[in-house]
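Engineer: Once you've had a glance at the structure underneath, I'll fire off some questions.
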Amino acid sequence: MSADASGRGIKRAIVLAGGGARGAYEAGVLRFILEELPTRTGKPVDFDIVCGTSVGAIHACFLGATAEQGTERGAHLLRIWENLKVDEVFQFSSSNIMSLPRKILGLRRVAQRLREGQRPDRLYGLLDTEPLERLVLDSIPWRGIRRNLKAGLIEAVCVATTQVATGRAVVFVEQAHRNLPAWAGQESIRMQPIRLSPMHALASAAIPMLFPAVRLGARYYADGGLRLNTPLAPAVRLGANRILVISLGRGTYDEVDEGLAQQRVEGFGNPMFLLGKVLNALMLSPVEADLARLHFVNDIIENGSTVFGEDFLGRMNEASDARGGRPLQRIDDLVIRPSQDLGVLAGQVLADPGRDLELSPFLRLFIRAFGTGAEVRESDLLSYLLFDSAYAGPLADIGYADAEAQADQLATFFSDEPLPQEAESPLGNRT
């Protein structure tokens, strides 16, 4: 932890959103931050806290496990994405399609086993997750997380999941010590100290019905994006006061071209198209609310200090501490978002006959549901499932360019200087 010009201790966190194949955008952003930014600033970049959901959880574990490495880890992460082939990630053959009725009928046998007290390691799931599990196991040096925590190179790694039985967000946290603040797991989010394993990351990425829910101990967990797709709250509760958020959506309130808006309405007759839009809403809206609360609390602190004096925050925290509550602090944030619509990009990749793209039978079923035509269509749903270098490559390039466009802000983020306050920032948070 360093200190800014005011003497305030800086605790930096990075928050990585979930979004399936859209995670290639995160890889592009991280490549710029890890590989290019240090050469521009003349100093290494480091995070005290890393938090992620779904594909963001896999990236968070990668960052924690490789914290001792240099600029080469940005290129390493990108190579993983560049080597993906969708027909290898989704091993779903014609025989799997024929066996779907048997799989569905087999759910009764699973239910009977559960009633008898048996606990299978996985629950349901149409797709074979073995290729994804191999990728997660082989791509991350898992012992490095504990080693880097003990060495003080990083303070905490957080993986967000959804507990199937309760629907509650559960954030697994590995630290050098096992103690969490008494209030850290209050309200709707439970924070649980744990030694992270590949199974925690796989649970966070277990898209319901497509990938099986994962048993951790006696309980089952699924995709953390159902409840906490951009896990800002855990970073705040662990004391971060400078947070970098990598979002996988362009924002809830972006203006939409009228022609595209009309095309969307026409597409709502297609259930898969509509499902993609619903998925966008579920995954992207919560971070906007979190950032709004963060900025709102920042305004309270600033206005209170103006009206009641510089000791306003200290007096507020004394009262909060007496009641066992959470302390308040000003939290600066920097958000990097895609400059392009990732659903439209997925549609362009699918429509380009020159792309080297061999789709599995599973994804061919989805494409048939979207229909055919000469125009480029939005493919929001497939933008979460298109784990292939043909899509990941352009997506990572956009992430790199978007990070480069904010190079000055990123340089300030990793310095000890105060972050500039943007006049258009609507709101903010202490969640």
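Engineer: Given a 1.4 Å probe and heavy atoms of the protein chains only, how would you sort ASP311, ASP352, largest accessible area at the top?
Structural biologist: So the residues, ranked largest to smallest area, are ASP311, ASP352.
Engineer: Moving to a separate point now. Amide H of ILE10 versus every other amide H placed in the peptide plane: which residues, excluding those fewer than 5 positions away on the same chain, fall under 5 Å?
Structural biologist: Counting only residues 5 or more places away or on other chains, the set is SER2, ALA3, ASP4.
Engineer: Tell me, in nm to one decimal, what length is gained between ALA165 and ASP352 on full extension, where the rule is 0.36 nm per residue of separation less the Cα-Cα distance?
Structural biologist: The span from ALA165 to ASP352 would gain 63.0 nm if fully extended.
Engineer: Kirkwood Rh over alpha-carbon pairs of the range 154-245, then Stokes-Einstein at 37 °C and 0.692 mPa s: what D in µm² s⁻¹, rounded to an integer?
Structural biologist: Values: Rh = 13.3 Å.
After rounding, the answer is 247 µm²/s.
Engineer: Okay, next question. SER188 versus ASN83, label points 7 Å from Cα toward the beta carbon: distance in nm?
Structural biologist: Label-label distance for SER188 and ASN83, simple model: 4.0 nm.
Engineer: Using a 7 Å offset from the Cα along the Cα-to-Cβ direction at both MET209 and GLU310, what is the distance between the two label points in nm, to one decimal?
Structural biologist: Spacing of the two 7 Å Cα→Cβ label points: 5.9 nm.
Engineer: Right, here's the next one. Using a basic spin-label model with each label point 7 Å from the Cα along Cα→Cβ, how many nm lie between ALA75 and ASN303?
Structural biologist: Each label point lies 7 Å from its Cα, and together they span 5.1 nm.
Engineer: Rounded to the nearest 0.05, what FRET efficiency do VAL344 and ARG178 have when you use their Cβ-Cβ distance and R0 = 41 Å? Could you put the intermediate results ahead of the total?
Structural biologist: Working: r = 45 Å, r/R0 = 1.11.
Computed FRET efficiency for VAL344 and ARG178: 0.35.
Engineer: Then there's this: Apply the Karplus parameterisation 6.51 cos²θ - 1.76 cosθ + 1.60, with θ equal to phi minus 60°, to every residue of the range 211-220 and state each ³J(HN,Hα) to the nearest whole Hz, in sequence, with x for glycine and proline.
Structural biologist: Once rounded to whole Hz, the list reads 10, x, 5, 10, 7, 10, x, 9, 10, 10.
Engineer: In what order, largest first, do HIS59, HIS295 sit by accessible area if the probe radius is 1.4 Å?
Structural biologist: If we order HIS59, HIS295 from most to least accessible, we get HIS295, HIS59.
Engineer: Show me 9-22, 144-157 ranked by packing, highest mean number of other Cβ atoms within 10 Å first.
Structural biologist: The peptides rank, most packed first, as 9-22, 144-157.
Engineer: Computing the accessible area with a 1.4 Å probe over protein heavy atoms, can you report the carbon and sulfur percentage for the range 24-85?
Structural biologist: 49
Engineer: Grab the Cα-Cα distance for ALA405 and LYS43, subtract it from 0.36 nm times how many residues apart they are, and report the gain in nm with one decimal.
Structural biologist: 128.4 nm
Engineer: Through the Karplus equation 6.51 cos²θ - 1.76 cosθ + 1.60, θ set to phi - 60°, convert the phi angles of the range 330-341 into ³J(HN,Hα) values in whole Hz; use x for Gly and Pro.
Structural biologist: 6, 10, 8, 10, 9, 10, 10, 10, x, 7, 10, 6
The values are calculated or read from the model by the stated rules, or taken from the named source; none is laboratory data. These numbers were taken from a predicted model, which means no experiment stands behind them. For neighbour counting, all protein chains shown are included, and Cβ atoms are generated from backbone atoms with ideal geometry for every residue, glycine included. Side chains included, ligands, DNA and RNA excluded: accessible areas come from the protein's heavy atoms. Shrake-Rupley method; radii C 1.70, N 1.55, O 1.52, S 1.80 Å.
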